[in-house]
Amino acid sequence: MTTSRVLAADEGLIWFASVLEAIDQSNAHSHKTAVLKACFREGIQQARQEDLAWLVYFLAGGKLPKRLRSALLRQAAMQASGLSEWLFEACYAHAGDLAETIAHCVGNASTQAVAPDASKRKTSEALRSGLSLHQWITEGFLAIADAQPDIQSAWLIDQWQRHDHASRFAINKIITGGFRIGVSRASVLKALAAACDLDPQLLAQRFMGWMLELPSAARFTSLILDSGADGSDERPLPFCLAQSMDDDWQAMGDSRSWQLEWKWDGIRVQWIAGHQRSYLWSRGEELISEQFPDLGLEHFHGLIPVGTIIDAELLAWDEQAQRIAGFADLQVRLNRKTLGAAFLRSHPVRLMAYDLLRLGSTDLRHEPLRDRREKLHSLLQATSSAFLISPGFSLLRWSDLQPLRQQARDARAEGLMLKHAESPYIAGRSRTYTANAGRSGWWKYKLDPFTVDAALIYAQAGHGRRANLYTDYTFAVRGPQGWLSLAKAYSGLSDAEIREVDARIRKTTVEQFGPVRVVEPTMVFEIAFESIAPSKRHKAGLALRFPRMLRWRKDKTVEEADSIDKLHELLSILNR
């Protein structure tokens, strides 16, 4: 097939590939945003709303509901390229990305897929006629997603051999999911808002819940055109996020202008009083109401005005001690399919409310925090015990902050939140300085992490630019009869340290199982983590929450690595 025929057939796919390529050609965030802005403006002028909807969806992190198995992609790629399995896997290990590996290896191979029968050839030919990106996805990929593996393989090979490298890469990324080209959801919405002359805050509000359905021209239009309603009463509002505190108290102004709260260790949610029922949304824009029927939120109807939105934290609850439980207890509840009465009684949860975003149909987000909090107290004191109200503190002087922060673990919290009493509720993270009030907005001041000195015992190569280096490590502590694996970590070292560790791993490898190397324990690292809980995933019988490397302890021998006893002692203290 000639290039012109390919362009005519799959113009939407090639347009999408060209956008990805243009974004990926620069490391400058401003250039990527400019490319997207121009793309949106041109696409709207060309009435390409349907394809633009898919562009927004994919770049904002969306994935297709159906995907092909990676094993099938590998087999099809080897068939199309003529490469042996060992050579293809070597290429994959070098590239570190399956989509990129296939795009390079397949090329314009001469091997042709032979459709098993005439009906399959007819389907393949039908997919060559003037496809937009939307049609290529819905009438092409999704049409064969449930087909037999031989049909899927034949379709894949046909697609790869009809397109150039950029389009093959786009095809593979659509199928495998995950476009790591240096743009975030916030960047996409910023560019779209600029292209359409929209208020970014308004667009962010309209976008809440937008990713829950597959894209369409109508849904894209609902984002960029004023339909008279800026969001459903059933959808959350964009969450206000906090910056990390940097100990610069002088820029904070008068300490009495700040409200302090505990930084709760749970799941950030918004509760909405709908017309027919109440809704509980996570910060990740997942509707999780049905996972927590024991909250009794349906009893609020008639007590709280329809449309009301409360910002809160979903927390595990210790019924016997009548206090907040640890995050590990909450994890047991997440994504669980069976919710029996006995299980709900043994793993209760509560909502800790700390802000009122809307009262009925009245938007309160631009009112000062102190006013929103007063209205929150008035509203919840007359309703239900399902809501707790996050206590607020004030400081006479900044020197009182550190002692208060050290009390966080006693309250089962991660640290402190600092919120300016005059602060509005603004989408995203706001870092604002004013001449009179000092630094305003929201700030989080977390406790210092726990640490453990552990030995590196397993290593695996990384991905992308680190595909040729061993960067994914498993660490262990000393047990009564040998090393006990405890955690995996891959962040925290400099590039120079990674290269040095990689060289040591290659010299001290004692066994190899597929991509994993077993190494002689010779290196000790200080591992930071937020909490610890029992777990069957590791030999140590424990799991660390958010483990990361703080430093390579070259000053310590493996005999000086910590033992499992230290971690059991820590677990015992945290469970008191």
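Couple of notes before you dig in:
- Cross-link pairs K446/K536; K488/K539; K536/K566 - those with Cα-Cα distance over 22 Å: K446/K536
- Among L287, F475, L416 the positive-end extreme of the charge dipole of the chain (Cβ point charges): F475
- Considering only the Cα atoms of the chain, their convex hull presents on average a projected area of 31.1 nm².
- Rounded to the nearest 20 debye, dipole of the stretch 168-324 from Cβ charges on Lys, Arg, Asp, Glu: 780
- D495-A411 FRET efficiency (beta carbon distance; Förster radius 60 Å; 0.05 resolution): 0.90
- Sequence-distant lysines (8 or more away, or on other chains) whose Cα lies within less than 19 Å of K37: K190
- Here the Kirkwood formula puts the hydrodynamic radius of the stretch 203-296 at 16.4 Å, using every distinct Cα pair.
- DSSP bridge analysis restricted to the chain gives an antiparallel fraction near 90%, rounded to the nearest 5.
- Available extension along the chain between L303 and A503 is 65.5 nm, counting 0.36 nm per residue and deducting the alpha carbon span.
- Within the stretch 87-101: backbone nitrogen closer than 13 Å to the H463 label point (7 Å, Cα to C-beta): 93, 95-101
- With all projection directions averaged, the alpha carbon convex hull of the stretch 314-433 covers 10.3 nm².
- Solvent-accessible surface (1.4 angstrom probe) belonging to R365, in square angstrom, nearest 10: 30
- Whole-Å distance, taken between Cα centres, linking the stretch 365-382 and the stretch 4-74: 43
- Of all DSSP beta bridges in the stretch 294-406, antiparallel share, percent nearest 5: 75
- For Y470, the solvent-accessible surface computed with a 1.4 Å probe is close to 20 Å², ligands and nucleic acids excluded.
- Against the empirical curve 2.2 N^0.38 Å, the C-alpha radius of gyration of the stretch 31-73 lands at a ratio of 1.51.
- Percent carbon-and-sulfur accessible area, the chain, ignoring ligands, DNA and RNA, probe 1.4 Å: 50
- The sum of -39500 (n - 2.57) across all DSSP H runs of n ≥ 4, divided by the residue count of the chain, sets its helix-only mean residue ellipticity at 222 nm to -10000 deg cm²/dmol.
- Per residue, the accessible area of the chain comes to 48 Å² when a 1.4 Å probe rolls over the protein heavy atoms.
- The alpha-carbon positions of the stretch 312-362 define a convex hull whose volume is 118 Å³ per residue.
- For H366 and E139, the difference between the fully extended length at 0.36 nm per residue and the C-alpha to C-alpha distance is 77.2 nm.
- Mean Kyte hydropathy of -1.0 or more with a Cα span along the axis of at least 30 Å, helices from DSSP in the chain: none
- Spatially proximal lysines relative to K375 (Cα-Cα < 19 Å; intrachain offsets below 8 disregarded): K419
- Sparse-neighbourhood loop sites, GluC sites (Glu not before Pro) in the stretch 273-327 - DSSP loop, at most 12 other Cβ within 10 angstrom: E319
- Sorted largest first by accessible area at a 1.4 angstrom probe radius, with every protein chain in place, the residues H420, H165, H366, H275 fall in the order H366, H275, H165, H420.
- Placing F169, F220 in order of accessible area, with the largest value first and a 1.4 Å probe, yields F169, F220.
- Among residues other than A71 with Cβ under 15 Å from its Cβ, the summed charge is 0 (Lys and Arg +1, Asp and Glu -1).
- Of the two radii for the stretch 476-576, the radius of gyration is 0.97 times the Kirkwood radius, both from the alpha carbons; that is the Rg over Rh value.
The values are calculated or read from the model by the stated rules, or taken from the named source; none is laboratory data. Everything quoted here is computed from the prediction, not taken from an experiment. Please note: Cβ atoms are built from the backbone with ideal geometry, for glycine as well, and neighbour counts cover all protein chains shown. Please note that ligands, DNA and RNA were not included when accessible areas were found on the heavy atoms of the full protein model with its side chains. Shrake-Rupley method; radii C 1.70, N 1.55, O 1.52, S 1.80 Å.
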